[in-house]
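So the structure is just underneath, and the comments pick up after that.
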Amino acid sequence: MRALCLAADVPYITVHGIRRTHSTRLLDAGEDVGQVARRLGHANVDVTRQHYYTIEDAAMRRLASLLPAHALEDRPLPSNPEP
């Protein structure tokens, strides 16, 4: 695998890394975690959730884009009046 990556001038990734990327992409695309777990051969979906699903940078940027612009500014928070 290392030689193939070197010959193709792409970063080296292990077979497990490909498996992890595949499962993460399926979950990011909205596939059911139970279906992905079965595809990976897991008897329990918790294994898939704990070991294969990671929040990718794109997902983090998407989440950050949901924040209002002023939430990212460096300024004091508004005070809440006493009830």
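Structure values in brief
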| read-out | value |
| --- | --- |
| Two-site label geometry, H22 and C5: point separation in nm, points 7 Å out along Cα→Cβ | 1.7 |
| Summed residue charge, Cβ within 12 Å of R19's Cβ, Lys/Arg positive, Asp/Glu negative | +3 |
| Length-normalised contact order for the stretch 2-57 - Cα pairs under 8 Å, 6+ apart - percent | 27 |
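Each reported figure results from applying straightforward, stated rules to the coordinates on display, with no laboratory input. The structure displayed is predicted, hence computed values, not measured ones. Note that each Cβ is placed from the backbone with ideal geometry, even for glycine, and that neighbours are counted across all protein chains shown.
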